[in-house]
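Every read-out reported here was derived from the displayed coordinates using simple, explicitly stated rules and does not represent laboratory data. Nothing here was measured: the structure is a model prediction, and the numbers come from that model. Neighbour counts are summed over all protein chains in view; Cβ atoms, including those assigned to glycine, are modelled from backbone coordinates with ideal geometry.
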Amino acid sequence: MFDIYGGPVFGMARQQFLQAADILEIPTDQRDRLLYPKRAIAVTCPIHRDDGSTVVYEGYRVQHHLSLGPAKGGVRFSPHVDIGEVAALSLWMSWKCALMNLPYGGAKGGVRVDPYSLSPKELEALSRRFMQELIPFVGPHVDVMAPDIGTNEQVMAWFMDTYSNDAGQTVTEIVTGKPVSCGGTVGRREATGRGVTHTIVRAAEEINLNLAQSTAVIQGFGNVGSVAANELHALGVKILAISDHTAAYHDPKGLNIPEIIDYVSKHGVLKGYSSECLTDPNAILTIKCDVLVPAAVERVITEEIANKIECRILAEAANGPTTLEADAVFAKRPEVFIIPDILCNSGGVTVSYFEWVQDLQQFFWEEEEIISRMKKIMDKGFYDTVKSAKELKVSNRMAATCAGLRRVNAAKQARGLFP
Ligand code: GLU
């Protein structure tokens, strides 16, 4: 049954779900209802290339559940996207939103394309076509998209404009992560990286680590990794190594993060910044440091890497960076404090929620209010997770997943099964 969600990423999300369902003693016959996505939509997106030829890209949107409100989650443009991966990411969005008590179900979308291979005109055509194909299945109270890997504020503006043209009116609340100039919120672009740093601050308090004298390594230097690097640097953390898909740098004396951010804002990628501290991108996760931040893609921390990691805090800024086999290793390495992805990177969707609320009300808040409300929501998620991990004697990941799953299950049970 449900063979379409094949592949290792969905397999991993499924196993995590089953472990949590066991802990919560959810009856076997109730599980498939909670596990499998409510809807999975596959679309074909044809566009004209600049040379006049026509090319077709495959796209997906998976809505895991709508029991707590609209489905919510990002859209990624990546050459590796498949429906199993998108479905897994939609499950993680569900547990994340429920853990943070946001009135959403989880969703995720993806287009199988290398966005860097497209011209700006082609990227606009593809973004518009993807939204156009999904108009019958989304809406401000049905499914609200946001940025993820390979998409950004501009793509969200095109999504919003395409939907609004069809509706005959401006519908800013159809997507979040838009530019501030057209209904976006201040603080959304920085939110995920800021939230990652905030959970690191809390984790450091838990394990008595003085961040101002600590070191960090960050894999991924996109919107999440670069903001987290900047925030950690501002707290006095020495950033030993960073990487993106084009280059990796390591300097035991600490990298000049403001200078690197300035370089990336001009050149788009890390490549070309320096020839002196270049290092092997595959080796950076095992550099000895206090705080390790995987902020790129899923399943990078394998069993082998988990055995070699030398950090005190593993801050999962990416979605699903740690495999099941690696988690089994960490079960025997309690000296590594894991901030699970659905907690660590939840600042993004939390501020997306604020953007949606502000758009619905057409009443906008100051950045200070955004940041302090975000921290309050994340603190509750953090302390709930740590407390229940101790009580249930489970990992932080299981505690966070159980908290999310418990809320989704409670809503489904209370609402009953229709008809
Ligand atoms: N793509 C982000 C995530 O994985 C943000 C989702 C959103 O803001 O809806 O959490």
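Relative contact order of the stretch 188-310: 27 percent, from C-alpha pairs under 8 Å at least 6 residues apart in sequence. Considering only DSSP beta bridges whose two residues both sit in the chain, what percent are antiparallel, to the nearest 5? If we restrict to bridges inside the chain, about 45 percent are antiparallel. Taking all Cα pairs closer than 8 Å and separated by 6 or more residues, the relative contact order of the stretch 279-419 comes to 17 percent. Every Cα-Cα pair in the stretch 335-419 was counted, and those over 15 Å apart are 66% of them. For the residue pairs 238/375; 271/332; 308/393; 96/412; 108/380; 308/380, the C-alpha atoms sit more than 27 angstrom apart in 271/332; 308/380. Size of the stretch 89-139: Rg and Dmax of its alpha carbons, in Å, are 14.4, 39.
Springs between Cα atoms under 10 Å define the GNM used for the chain, and in it the highest mean-square fluctuation of 142, 224, 56 occurs at 56. Counting only GluC sites (Glu not before Pro) that DSSP places in a loop and that have at most 15 other Cβ atoms within 10 Å, the longest clean stretch of the chain runs over 26-275. Between the C-alpha center of the stretch 266-295 and that of the stretch 331-397 there is a gap of 27 Å. Across the chain, C-alpha contacts under 8 Å between residues 6 or more apart give a mean separation that, scaled by the residue count, equals a relative contact order of 16 percent.
Does the stretch 212-259 classify as rounded, prolate or oblate by the C-alpha gyration tensor (a ≥ b ≥ c root eigenvalues; a/c under 1.5 gives rounded; else a/b over b/c gives prolate, otherwise oblate)? Kindly include the intermediate steps, with their values, before the conclusion.
Details: a/c = 2.03, a/b = 1.31, b/c = 1.54.
In terms of gyration-tensor shape, oblate.
Show me the three semi-axes of the equivalent ellipsoid for the stretch 49-130, from the C-alpha gyration tensor (sqrt of 5 times each eigenvalue), largest first, rounded to whole Å. Mind showing how you got there, number by number?
Values: eigenvalues 174, 26, 18 Å².
Equivalent ellipsoid semi-axes, largest first: 30, 11, 9 Å.
With helices as the sole contributors, the chain gives -14500 deg cm²/dmol at 222 nm; each DSSP H run of n ≥ 4 counts as -39500 (n - 2.57), and the sum is divided by every residue. Compared with the alpha-carbon gap, the fully stretched path from residue 33 to residue 246 is longer by 72.5 nm at 0.36 nm per residue.
Can you give the alpha-carbon Rg of the stretch 120-276 over 2.2 N^0.38 Å, where N counts its residues?
On the way: Rg = 18.7 Å, N = 157, 2.2 N^0.38 = 15.0 Å.
That ratio works out to 1.25.
Based on the Kirkwood approach, the hydrodynamic radius assigned to the stretch 47-97 is 12.8 Å, with every pair of different Cα atoms included. If the Kirkwood radius is taken over C-alpha pairs of the stretch 226-340, then at 20 °C and 1.002 mPa s the Stokes-Einstein diffusion coefficient equals 146 µm²/s. Here the scattering of the stretch 1-69 is modelled by Debye summation over its C-alpha atoms, one equal scatterer each and no solvent; at q = 0.28 Å⁻¹ the log10 of I(q)/I(0) is -1.31. Computed from the C-beta positions of residue 265 and residue 169 and an R0 of 51 Å, the FRET efficiency is 0.90 to the nearest 0.05.
Give me the tail of P(r) for the chain as a percent: Cα-Cα pairs with distance above 40 Å. Don't skip to the end; give the middle numbers.
Values: 10526 of 87571 pairs.
Tail fraction, whole percent: 12.
Dimensions of the stretch 61-211 along the principal axes, based on C-alpha atoms and rounded to the nearest Å, stand at 53, 36, 34, largest first.
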